[in-house]
Amino acid sequence: MPSLLDAIQQRYACRQFVAGQIVSASELRVVREAGRLAPSAFGLEPWRFISVTDATERAAIARACYDQPAAATAAAFIVIVALVDALDPDSDYVRARFEAEARGQDTASIYESYRALHHAEDVSAWARGQCNFAAAHMLLQAAHLGLGSCPIGGFDETALRAALGISSGEPPALAIALGRCAYAAPPRIRKGFD
């Protein structure tokens, strides 16, 4: 039986995808589910996932990603957006998430800690960082399915928001390009433990 480490070993950033090879709706659903199950601080899950397979929309996303080869050749994207506007401590979203996280227990201590964080941190940067947990799960799930993937953090945010039709209150954190990789996995080069 393959182990999680096998999927981790198989995962690499694919920079060129095979033209005409689709990513199926069921594959996208499984990759998104892996992201949904990712951990997040305070159980807030401060993200939303947008799947894109339409050729015109993919081209707009590729342009927003400076036409990087992985973006220009991707068969699909999952764009992770940070739910920044929803993260006010008194919002309905935060209240619902804390009630779910507390599992029927008192939420006062969660609120106290979160209010301190919300006051002290750049919430937009914090939320975007949280989205990386979901991205890591998605990238590993894609590898497990035999899909190539490339996380893209370099993009024109204004152009990407326009391509996706999202507000400034939901800034994109990362675009994950997906498809069938056009080349075999390169040898792994990783530093050892210190």
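The values are calculated or read from the model by the stated rules, or taken from the named source; none is laboratory data. Because the structure is predicted, anything quoted here is derived from the model rather than measured. Note: ideal-geometry Cβ built from the backbone for every residue, glycine included; neighbour counts use all protein chains shown. The area values use the complete protein model at the heavy-atom level, side chains included, leaving out ligands, DNA and RNA. Shrake-Rupley method; radii C 1.70, N 1.55, O 1.52, S 1.80 Å.
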Can you name the helices of the chain, as whole DSSP H runs, whose Cα span along the helix axis is 27 Å or more and whose Kyte-Doolittle mean is not below -1.0?
123-144
Considering only the chain, what is the antiparallel percent among its DSSP beta bridges, to the nearest 5?
95 percent
Residues whose modelled amide H sits under 5 Å from the amide H of S149, counting only those 5 or more places away in sequence or on another chain, are Y12, C14
Relative contact order in percent for the chain (Cα pairs under 8 Å, 6+ apart) equals 37 percent
Partnerless Cys - the chain, beta-carbon criterion under 4.7 Å:
C65, C131, C150
May I ask you to give the percent of accessible area on the chain that is carbon plus sulfur, with a probe radius of 1.4 Å?
54 percent
Just how much of L178 is accessible, in Å², when a 1.4 Å probe is used and the result is rounded to the nearest 10?
0 Å²
Over region 102-194, what relative contact order in percent results from Cα pairs under 8 Å that are six or more residues apart?
28 percent
Which of the chymotrypsin sites (Phe, Trp or Tyr not before Pro) found in region 54-95 are loop residues per DSSP with 16 or fewer other Cβ atoms within 10 Å of their Cβ?
Y66
Once mean projected area of the Cα convex hull in nm² is worked out from the coordinates, which option in (i) 13.4; (ii) 14.3; (iii) 11.5 does it equal?
(i)
Given the -39500 (n - 2.57) contribution per DSSP H run of 4+ residues, what per-residue ellipticity at 222 nm results for the chain, rounded to the nearest 500 deg cm²/dmol?
-13500 deg cm²/dmol
Cα centroid separation, region 148-192 to region 14-60 (Å):
10 Å
T158-V30 pseudo-label distance in nm [points 7 Å out on the Cα-to-Cβ vector]:
4.1 nm
